[in-house]
Amino acid sequence: MSVTDRGPSAALDPTQERVVAHRDGVLVAQGAPGTGKTTVLVRHVQQRISAGLAPDHCLVIAPTRQSASRVRTAIARGLGATHTQPLARTAASLAFAVLRLAAARADEPAPRLISGAEQDAVLRELLAGHEESGTGPSWPPDLELARRTTGFRDQLRDLLMRAVEHGVGRADLEHLSRVHGRPEWACAGEVLEEYDQVTALADPGSYDPAWICTAAAGLLEGDESLRAVVHERVSFVGVDDAQELTASAARLLDVVRPAGVDSVLVGDPDAAVLGFRGAVPGAFLELGERWAGEAGPARETLGVRHGTSGAVGEVVDRVAQRIGLVGDARHRGPISGDEQGTGSVRITRSAAQEASLVARWLRHAHLVEGVPWQELSVIARSVQQQDAVRRALASGGVPVRVDRSSVPIGSDPAARPLLLALDIVTREAPGVGPGWSVDPEEALELLQSPLGGMDPVGLRRLRRSLRGAELAAGGLRRADDLVALRVNDPDLRSAAPADLPPELAPVARVGRLLDAGREAVVRGGSTPGRGEGSGQAVTGPDEIVWALWSASGLAASWSRQAAGGGALGARADRDLDAVLVLFEAAESYAERLPGAQPRSFLDSVRSAELAADTLVQGARRTEAVEVLTPHAAAGRRWRRVAVVGVQDGIWPDLRLRDTLLGAEALVSAVHGRPVAGPEAWRAAQAAVRADELRQFHVAVSRPTEGLLVTAVASTDDQPSGLLDLVEPGFRERPPAEVPPPMTLRGLVAELRRAAVRSHREGDRSTRDAAVGLLRRLAVEDVPGADPAAWWTLRETSSTAPVRPEGPVRVSPSRLQTFRDCELRWFLTSRGAETGEAFRAELGTLVHDIVAHTPDASVPELTAELDRRWDDLGLVEGWVSERAQQDARRMLERYADYVARARAAGRELVGSELDLSVLLGAADDQDRERGRDARLVGAVDRLERTSEGALVVADLKTGSTPVPKADVEQHAQLAAYQVAVTEGAFGELGSRSGGARLVQLGASGAVEQAQPPLGEADDPAHARRTIREAAAGMAGAGFTARDLERRCRRCPARFACPLQPEGASR
């Protein structure tokens, strides 16, 4: 039970009182969740201290740093006594204290605990070195492909952790390898020995988390005088959540505890969730037996569940009955109180509905029932599920506490720009003298980061401005190259801020920041090739990061945002926390490795794939809902808890965890249990099943009054069988109908829907009630409540034509789009394009290549394509390779067309020729339907036949072909022919010889011909089409047309009344 759930003066039941009053000997107290295990241990320690026992002589062990902090706070509350040692600590903290005492006695440097991230980095470097040099263990051939994967390293780390926890070294691993036919264990033993040598050489006195308890225990066992000193300081031992003890922690407590010292161990074998760290659920029962000797320990079973509703208690008991028994079952099924509560299952049809349901449930508890946000929690099985749930809850109006403690500092969005700046200012400077330089990719990342503060619109404006100036000067450099050039420009950085255009201010700001960082580097001589071994002082990474941070000016702005609260303030809090963690990591690195180059720190941080442990106290948003995994929620209680994503195959996840290297099999081998065969396989499966059930048991036992368990039922996902333990009859109900979100926006939508539906059905009372509530919300200025803001009720803002007078600009390339669908033409011509700009950029590149070298051969065209391919800025990979293959195929089809045109007697007159010609309505027989039109555009290729007629060839790089039947009436080709006959190309001629559609991107025929307009049945049809289109383009209304399959790819379908996407808006 959480120590915060019951106050210090809360009454105890008789069993709890016996535990608190116990003296003389060893006591083992077991109890289900909510029975007050932590409470009785805290009261027991408080009574002992009140009776005269020195606080520093009380050794209280908790499983995690967070739980130890909570126990310390509870013990210290109202204690009235001083102490120099922590009132509660973890086993690793105890081990560290022992090692530090031993180092002080031997006048040696203080020990240091290697973080999990550092451990992972060392192991990764060892394995990478083996691969590069061809050295290292001779791993079995069946592991050849796996050795380079992250999963292999994870399993190897687990295997080594289990080995050191049980005191198994290289020789032991080699022996067990021979006995059990596991050659990979011998290889792991070789890695373990090398790992110990590397860490001992690079960082003397350092210990990794898995080894520290074993090391401290071994030291005490071999040093009688040190053991005597430690024993003098221990007069009582208490262990909270003792089911989480590992084998090494139990060994350490065995040697730390003096014989005959009173001890209390409280736990619940059914609630062990740290099995992934080697926890042994029944170890504390064996420890109690060992400490008590032949007489055996005193035993108490806490049999009353306090502060928990009966409904929740029934669920907890049903789950507990399915867990494999460790010890006896007397602690199961305690008596529940009379508190009211619920425990239910809800099934939805999709993950989005599930998130919406949970968000509504949480908001109802807070807004209607008055439950504070911090008394609500959500538990998800995995970290991946947590991220999705947090995003969904935040969008549903639920304040969510975001924890970045699991994010490596090198991947944190707030720290990453500072690390990039550190990279730039510490690498070898180009040219002569100290300096720095950024490439285009780095420049863009810095400008768009908080260091530059440039948004996408500002960046686009900057790129267009620089590119326009470049083209005007006759240059061809890319916009991104020009941006990097400006960032690198020292004159820009030295200019006064008042003299800079607004779009260049972020560029100058980034440049000045990098100057500040570089000055710190040069000041200490931390340039490559200097410092280590050169006799020169080296600027530490902490000093350089501080210089960059100070120059950024973000401290003041983020502090103001954090103080302002709200979503923006919460984000600023998290960003400041991340920067503090970065400072701590840099300072720790500088202290641990004085004189090391800053780039070594940069490499270590960037390569870390695990989050580093930190003691930085991050900002905590108190009025928020926490989203946690079961092991993070262990030991804590909330009034309401939602357990989400309980899907078949996800919870329980019955896959064996260590099938590759066999970490758990190693533990079995150490204890003499079967390692291979059916019996071992059944035991491994039973252990995994029990571990999954324990996690679910902890999850459902966290609430005191309300439990909601959710899952999705669809063609792809099915609910887990665990849900039958929560609510046995849930499968008889259909999936839940999820109401609108319980937000003001959701309420407005529901009321508007009810008003419209009831009006149509003639239900005036419902309609009037909905309208009345909408009126009240409108008075309070709730968005969407006032009918004046409803789009369907608003009058047209303007009925004036788009272009009331003057010639109408008509682009031949857009003419066919207008004829197909006027609404699509109108919307896309004003920016309603899709985000798939890559295909357009690819087509532009192909057009540009053939325009500059129209008669080149295929090898020449593809060589130019390869040279300019990086201009597209695609990330290397199969997508880029596929696109490059498509572009080469387009160039091959183009060269084939050129050869065919030459064979047909057509010569190239020009490429990418601009045209502009006016078609007057006065020349048309039907003046009422037409408008003056100005044809404006460019032709891809203009060719001349042997008879002197001009032929326009239009190159199409799209993948959708134009049907052959449509080519003869194709409006774009016809418009080009009209432009020819109107003299758009001057002295080149005015007689049209037809037009060609050249399909480069589509399959099928390359060339499709449109005959000359003079040979058509109605030669004037094309002119009338252009003028009629001009009149329509200048008008006030645009008609949507249903083009069936083509509408599915229309970028404007979200605003089209004929499409479901547009009709629903």
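Among P594, P598, P630, which is the only one that is over 29 Å from H697 (Cβ atoms) and modelled with pLDDT of 65 or more?
P598
Anything in region 677-730 that is among the charged types (D, E, K, R), more than 25 Å from L325 (Cα to Cα) and touching a strand residue (DSSP E or B) at 6+ places or on another chain (Cβ under 8 Å)? List them, or say none. Steps first, answer last, please.
First pass over region 677-730, keeping only residues among the charged types (D, E, K, R): 679, 682, 689, 691-692, 694, 702, 705, 716-717, 724, 727.
From what's left, more than 25 Å from L325 (Cα to Cα): 705, 716-717.
Listed by number, the residues that qualify are E705, D717.
For region 45-56, name all the residues that are more than 14 Å from V239 (Cα to Cα) and either in a helix (DSSP H, G or I) or not assigned by TED's automatic domain parsing to the domain that holds D24 (or both).
Q46, Q47, R48, I49, S50, P55, D56
Which of the residues spanning region 768-788 are within 30 Å of G1035 (Cβ to Cβ) and surrounded by 12 or more Cβ atoms within 10 Å (Cβ to Cβ)?
P787
How many residues are within 28 Å of the chain's Cα centre (by Cα) and either within 16 Å of Y195 (Cα to Cα) or surrounded by 13 or more Cβ atoms within 10 Å (Cβ to Cβ) (or both) if we restrict to region 108-157?
22
For E860, are the conditions met, namely being over 22 Å from G1001 (Cβ atoms) and of a type outside the set (K, R)?
no
Out of region 657-668, which residues are of a type outside the set (A, V, I, L, M) and either part of a strand (DSSP E or B) or surrounded by 16 or more Cβ atoms within 10 Å (Cβ to Cβ) (or both)?
Across region 657-668, the qualifying residues are R657, D658, G662, E664, S668.
Here's the yes/no breakdown for (1) surrounded by fewer than 24 Cβ atoms within 10 Å (Cβ to Cβ); (2) touching a Leu at 6+ places or on another chain (Cβ under 8 Å); (3) acidic (D, E); (4) part of a loop (DSSP other than H, G, I, E, B):
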{"residue": "L226", "(1), (2), (3), (4)": "yes, yes, no, no"}
{"residue": "H231", "(1), (2), (3), (4)": "yes, no, no, no"}
{"residue": "R251", "(1), (2), (3), (4)": "no, no, no, no"}
{"residue": "G260", "(1), (2), (3), (4)": "yes, no, no, yes"}
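Would you check if there is a residue in region 89-103 being modelled with pLDDT of 80 or more, farther than 28 Å from A62 by Cβ and surrounded by fewer than 17 Cβ atoms within 10 Å (Cβ to Cβ)?
No, region 89-103 contains no residue that is modelled with pLDDT of 80 or more, farther than 28 Å from A62 by Cβ and surrounded by fewer than 17 Cβ atoms within 10 Å (Cβ to Cβ).
With (1) part of a helix (DSSP H, G or I); (2) polar (S, T, N, Q); (3) surrounded by 20 or more Cβ atoms within 10 Å (Cβ to Cβ) as the list, and S758 as the residue in question, which single condition is left unmet?
Failed condition: (3).
Which of the residues that make up region 545-581 are farther than 30 Å from R523 by Cβ, at pLDDT 80 or above and charged (D, E, K, R)?
Initial filter on region 545-581 (farther than 30 Å from R523 by Cβ): 560-574.
Within this subset, residues satisfying the condition of being at pLDDT 80 or above are 560-561, 572.
Of everything in region 545-581, just one residue is farther than 30 Å from R523 by Cβ, at pLDDT 80 or above and charged (D, E, K, R), namely R560.
A1031 - would you say it is on the phi < 0 side of the Ramachandran plot, outside any helix (DSSP H, G or I) and among the small types (G, A, S)?
It is false that A1031 is on the phi < 0 side of the Ramachandran plot, outside any helix (DSSP H, G or I) and among the small types (G, A, S).
Name the single residue, out of those in region 397-436 being more than 27 Å from the chain's Cα centre (by Cα) and surrounded by fewer than 15 Cβ atoms within 10 Å (Cβ to Cβ), that is modelled with the lowest pLDDT.
So the residue we want is V432.
Can you pull out every residue in region 57-94 that is of a type in the set (S, T, N, Q) and in a loop (DSSP other than H, G, I, E, B)?
Result: T64, T82, T84, Q85, T90.
Within the group R70, R77, R65, which residue is assigned by TED's automatic domain parsing to the domain that holds L219, of a type in the set (D, E, K, R), under 27 Å from S248 (Cβ atoms) and at pLDDT below 85?
Matching residue, one of R70, R77, R65: R65.
Conditions (1) assigned by TED's automatic domain parsing to the domain that holds S959; (2) buried (at least 18 other Cβ atoms within 10 Å of the Cβ); (3) free of Cβ contacts under 8 Å to residues at least 40 places away in the same chain; (4) out of contact with any Leu (no Cβ under 7 Å at 6 or more places or on another chain), marked per residue:
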residue	(1), (2), (3), (4)
G1004	yes, no, no, yes
E1007	yes, no, no, yes
A1020	yes, no, no, yes
A1029	yes, yes, no, no
F1038	yes, no, no, no
L1043	yes, no, no, yes
C1050	yes, yes, no, yes
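Considering only residues that are in contact with a Lys or Arg (Cβ under 7 Å, 6 or more places away or on another chain) and assigned to a strand (DSSP E or B), which ones fall in region 669-711?
Selection gives P703, T704, E705, G706, L708, T710.
How many of the residues making up region 451-484 are within 19 Å of L513 (Cα to Cα) and surrounded by fewer than 16 Cβ atoms within 10 Å (Cβ to Cβ)? So that I can check it myself, show each step before the final result.
Taking region 451-484 first, the residues within 19 Å of L513 (Cα to Cα) are 451-455, 459, 483-484.
Now restrict to residues that are surrounded by fewer than 16 Cβ atoms within 10 Å (Cβ to Cβ): 455.
Selection size over region 451-484: 1.
Scan region 128-171 for residues that are touching a residue at least 40 places away in the same chain (Cβ under 8 Å) and either acidic (D, E) or assigned to a helix (DSSP H, G or I) (or both) and report the count.
Counting residues in region 128-171 that are touching a residue at least 40 places away in the same chain (Cβ under 8 Å) and either acidic (D, E) or assigned to a helix (DSSP H, G or I) (or both) gives 14.
Could you please let me know if P703 is buried (at least 23 other Cβ atoms within 10 Å of the Cβ) and more than 30 Å from A247 (Cβ to Cβ)?
Yes, satisfied.
One residue is enough: does region 463-471 have a residue meeting the conditions in contact (Cβ under 8 Å) with a residue 12 or more places away in the chain, polar (S, T, N, Q) and in a helix (DSSP H, G or I)?
Among the residues of region 463-471, at least one is in contact (Cβ under 8 Å) with a residue 12 or more places away in the chain, polar (S, T, N, Q) and in a helix (DSSP H, G or I), which makes the answer yes.
Quick one: is A279 out of contact with any Phe, Trp or Tyr (no Cβ under 6 Å at 6 or more places or on another chain) and free of Cβ contacts under 8 Å to residues at least 60 places away in the same chain? Lay out the reasoning, then the answer.
Details: out of contact with any Phe, Trp or Tyr (no Cβ under 6 Å at 6 or more places or on another chain): yes; free of Cβ contacts under 8 Å to residues at least 60 places away in the same chain: no.
Answer is no for this residue.
One residue is enough: does region 636-653 have a residue meeting the conditions assigned to a helix (DSSP H, G or I), surrounded by 23 or more Cβ atoms within 10 Å (Cβ to Cβ), modelled with pLDDT of 80 or more and not polar (S, T, N, Q)?
no
Determine, yes or no, whether L245 is more than 20 Å from A29 (Cβ to Cβ) and under 39 Å from the mean Cα position of the chain (by Cα).
So L245 does not fit the description; no.
Select from region 99-116 the residues that are part of a helix (DSSP H, G or I) and over 18 Å from V164 (Cα atoms) and list them in ascending order. Step through it out loud before you land on a result.
Narrowing region 99-116 to residues part of a helix (DSSP H, G or I): 99-105, 116.
Hits for region 99-116 are R100, L101, A102, A103, A104, R105.
The values are calculated or read from the model by the stated rules, or taken from the named source; none is laboratory data. Owing to the predicted nature of the structure, the values given are computational and were not obtained by experimental measurement. No Cβ is skipped: glycine too gets one built from the backbone with ideal geometry, and neighbour counts run over all protein chains shown.
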